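Beneath this line is the structure, given in C-alpha cells, with notes to follow.
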Ligand code: PHB
C-alpha cells in the first residue's frame with residue numbers, strides 16, 4: 001500500500017503533465033478511427049506484468065489473448081488486429097507511461113490488461129482523456145469502473161466473489177472468523193464484504209489483519225490468528241501469493257489445530273494449486289472460475305489452453321479470453337471504429353464464457369456472472385477447486401444501487 005501512496009505527489013504531477021499533453025492534441029480521441037487507413041491494422045495495447053512478483057498474471061492473460069485470436073481469427077472488417085504487448089512489471093508509474101505511449105504513438109484503439117488495481121487506476125484518466133475504451137482483464141477492486149466511463153471489466157470484483165463464502169460459512173457451523181487480507185483496494189473490499197455478509201448471517205469477525213501487498217511474511221500474522229481462538233481464517237491475497245500463505249499456514253500448525261481456511265478463489269488459484277500439497281485439501285472458497293468447471297465450453301477451453309501452453313489456465317486467463325471476446329465482438333459491430341462507438345458495442349454483451357453465462361452490465365460496465373462455492377479435492381492425482389453450489393447472475397454488491405448493496 002505504502003509503495004503506491006509514497007509516490008502519490010510525483011504521480012499526480014506526471015498525470016497532470018500527461019493530461020496537458022493529451023489536451024494539447026485535440027484530435028487524439030478521434031484520430032485513430034478517423035484517420036486510420038483501411039489497410040492499417042487495428043491495434044490493441046495490452047499492458048501486463050510480464051516480469052516481477054505478479055508475472056504469472058501476465059503469462060496467463062497473454063496466453064489467453066493469443067488463444068482467443070488463434071481460435072477466432074485476427075481480422076475485423078478486412079483489417080488485421082494487432083496486439084501490442086507491454087510489460088509494466090506491476091509498477092503503476094510504468095503502466096501510466098506505457099498507456100500514454102500506446103495511445104499517442106501507437107494509436108491503439110483499445111487499452112487492455114491491468115494486472116493489479118493500482119495499475120488500472122493509474123491508467124483510467126488517460127482512457128478518459130483520450131476517449132479510449134479500457135478493458136480491465138484482471139484488477140478487481142469494485143471502484144475501478146467508476147474511475148473512468150471508458151472502463152469495461154471482464155474479470156470480477158472482490159465483493160462479488162466474497163459474499164458467497166461469507167454466507168456459506170455461518171450456515172455450515174462456522175461462527176468465529178479472523179480475516180486476513182492484502183492491504184490495498186481488493187483486500188479492503190474483501191474484508192468489508194466478508195464482515196458485513198458474515199455478520200448479517202449470524203457470524204462474528206473477531207479480528208481483522210492486513211498484510212503488505214509486496215513480500216508479505218505471513219508468520220507473525222498467522223500467530224495472531226491462533227491466539228484469537230477463531231474457528232476459521234478468511235483470506236484474500238492476489239493471484240500467485242496463495243502458495244506462500246498456504247505453506248506458512250501449515251508450518252504454523254494452524255491446519256493441525258483445526259482452523260479452517262476460507263477465502264476467495266485467489267488463494268487456491270488454479271495456476272499454483274497443484275503444487276500446494278495436502279494442506280490445500282478441503283479449503284472452501286467462493287469464486288467465478290475453476291478450471292474444473294463442468295461445461296463443454298470450459299472443457300474445450302482448458303484442453304486448448306493446456307495444449308498450447310503446458311500449464312493450467314486460471315481465472316486471469318479467463319478474464320483475458322473473455323476480455324478479447326468483448327473487444328473483438330465490439331470491433332465487429334463498429335467495423336473497426338473505436339472511441340464511444342466501441343464502448344457502446346462492448347456494453348450489454350451476453351455470452352457463454354468458460355466460467356459460465358456472463359453479461360457486461362451496460363449501466364455499470366462490470367461483468368455479471370455466476371459465483372460458485374468450491375472445495376479443494378484430489379481427483380485423478382491432481383488438486384482441483386470442485387464446485388458444489390452456484391449463486392446465479394451475481395452483480396457487484398459493492399456498487400450503490402446493486403441488488404444486495406450494503407446501505
Ligand atoms: C487487484 O489488484 O485488483 C487484484 C489482483 C489479483 C487478484 C485479485 C485482485 O487475484
- Message: I'd like to check something: does region 279-290 contain any residue that is surrounded by fewer than 24 Cβ atoms within 10 Å (Cβ to Cβ), more than 16 Å from the ligand (Cβ to nearest atom), in contact (Cβ under 8 Å) with a residue 40 or more places away in the chain and closer than 14 Å to residue 312 by Cβ?
- Response: no
- Residue within region 73-81 that is modelled with pLDDT of 95 or more, surrounded by 17 or more Cβ atoms within 10 Å (Cβ to Cβ) and closer than 30 Å to residue 267 by Cβ present: no
- Note on the structure: Given the conditions (1) without any contact (Cβ under 8 Å) to a residue 40 or more places away in the chain; (2) more than 16 Å from the ligand (Cβ to nearest atom), every one holds for residue 211 apart from (2)
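Would you kindly identify the strands (runs of 3 or more DSSP E) lying entirely within region 103-200 that contain at least 2 residues that are farther than 27 Å from residue 324 by Cα and within 12 Å of the ligand (Cβ to nearest atom)? Outline the logic, then answer.
Details: elements: 110-113, 134-136, 151-153, 176-182.
Per the criteria, 176-182.
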- Query: Among the residues of region 379-387, is there at least one that is out of contact with any strand residue (DSSP E or B) (no Cβ under 9 Å at 6 or more places or on another chain), part of a strand (DSSP E or B) and surrounded by fewer than 16 Cβ atoms within 10 Å (Cβ to Cβ)?
  - Reply: yes
- Item | Enumeration of residues in region 219-242 that are touching a helix residue (DSSP H, G or I) at 6+ places or on another chain (Cβ under 7 Å) and more than 16 Å from the ligand (Cβ to nearest atom) | 219, 222, 232, 233
- From the list 186, 170, which residue is in contact with a helix residue (DSSP H, G or I) (Cβ under 8 Å, 6 or more places away or on another chain), crowded, with 17+ Cβ neighbours inside 10 Å, more than 16 Å from residue 265 (Cβ to Cβ) and touching a residue at least 24 places away in the same chain (Cβ under 8 Å)? 170
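The values are calculated or read from the model by the stated rules, or taken from the named source; none is laboratory data. The shown structure was predicted, so the numbers you read here are calculated from the model rather than taken from an experiment. Positions of Cβ are backbone-derived with ideal geometry, glycine not excepted, and every protein chain shown enters the neighbour counts.
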